[in-house]
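First up is the structure itself, then whatever we jot down about it.
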Amino acid sequence: DQHSLEEVETLDLDPGMREGWGLTPSLDHTALVAGDGSSVLHTLRRSGSRLAIQDSITVHDCANDMPYVVGINELELVPRVVTHPAMPHRIRGAPAASEELLRRRQFDEVLAGPSANRTKGPPSDLIWGNIITTMCVAAINPDTGAVEAWILLDGIYSNWDKFRRVANGIAFRSVDQTLWVTGKEWSKLFRVELEAHPSPASANIKERCTTAWRSFSFNVDTVVGRQQDPSPCEVP
């Protein structure tokens with residue numbers, strides 16, 4: 001319950017998912033989009049007591065030679081206009097909020113009946129996703145899986161590390177159009193604004209935003225190898 005925070009119901013994840021990591025509404029708010037730490041985002045719909053996989057996309061950034069963007073963690077649906085126009089972005093940090101109640105999306109409504117059909121064209125929202133062990137956020141096209149922009153959180157919080165205090169938390173507060181970021185065991189929640197990177201070509205996105213998850217017990221090669229479809233970067 002969004003008001004009392006009491007558990008109302010428990011739903012099982014589709015066994016096709018390795019684990020449950022990030023979760024956010026789909027673009028039309030008729031389903032959920034979930035990640036499992038790999039480069040794949042799954043669209044989930046309720047089927048009895050289970051959230052069943054309806055569709056899956058591979059997240060990729062061909063321009064930066066990243067056919068599989070692995071380690072996608074926290075997810076948040078953010079309006080496209082927030083990310084427009086430059087790639088990549090840097091974060092300009094605002095003072096941390098000492099007390100801020102972030103509105104939780106009403107997942108019961110998301111799982112309920114369909115909304116009006118979308119008009120064709122670029123999606124109005126992008127899915128932002130933290131990349132585990134990095135200070136990078138990928139802005140992902142929910143239709144294609146292509147990364148349209150990178151948000152670089154470098155310098156926003158000095159007490160982070162790759163193994164425990166990782167950047168892991170994104171919220172878009174629609175009531176006042178503000179962006180908030182945080183991380184595991186971080187002592188602060190940051191309200192941020194975006195600014196264009198002064199030299200995108202020098203950002204070294206592949207090096208900076210590739211997860212170091214290989215050093216954990218989780219094997220990236222295993223995840224990439226189990227993808228059913230090749231990356232769009234590899235399609236002739």
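The values are calculated or read from the model by the stated rules, or taken from the named source; none is laboratory data. If you're wondering where the values come from, they're calculated on a predicted model, not measured in any experiment. For neighbour counting, all protein chains shown are included, and Cβ atoms are generated from backbone atoms with ideal geometry for every residue, glycine included. Side chains are part of the model used for accessible areas, which takes the heavy atoms of the whole protein and leaves out ligands, DNA and RNA. Shrake-Rupley method; radii C 1.70, N 1.55, O 1.52, S 1.80 Å.
General remarks:
- Per the listing Thr30, Thr10, Thr83, Thr58, the residue uniquely loosely packed, with under 14 Cβ neighbours inside 10 Å, polar (S, T, N, Q) and at pLDDT below 95 is Thr10.
- Scanning region 100-131 for residues that are open to solvent by less than 10 Å² (accessible area, probe 1.4 Å) and either modelled with pLDDT under 50 or in a loop (DSSP other than H, G, I, E, B) (or both) yields Val110, Pro123.
- Evaluation of Thr178 against (1) polar (S, T, N, Q); (2) open to solvent by 40 Å² or more (accessible area, probe 1.4 Å); (3) modelled with pLDDT of 80 or more (one fails), failing number: (2)
- Taken over region 147-165, the criterion of being farther than 19 Å from Pro79 by Cα and in contact with a Ser or Thr (Cβ under 6 Å, 6 or more places away or on another chain) is satisfied by Lys162 alone.
- Pairs with Cβ under 7 Å, 6+ apart, first in region 147-158 and under 18 Å from Thr210 (Cβ atoms), second crowded, with 22+ Cβ neighbours inside 10 Å and acidic (Asp, Glu): Val147/Asp61
- Scanning region 166-181 for residues that are in a strand (DSSP E or B) and within 16 Å of the chain's Cα centre (by Cα) yields Ala167, Asn168, Gly169, Ile170, Ala171, Phe172, Arg173, Leu179, Trp180, Val181.
- One residue from Glu207, Glu234, Glu193 being open to solvent by 20 Å² or more (accessible area, probe 1.4 Å) and modelled with pLDDT of 90 or more: Glu207
- Verdict on Val223 being at pLDDT below 90 and either touching a Leu at 6+ places or on another chain (Cβ under 8 Å) or among the aromatic types (Phe, Trp, Tyr) (or both): no
- Failed item, numbered, when Trp186 is tested on (1) under 18 Å from Val82 (Cα atoms); (2) modelled with pLDDT of 90 or more: (1)
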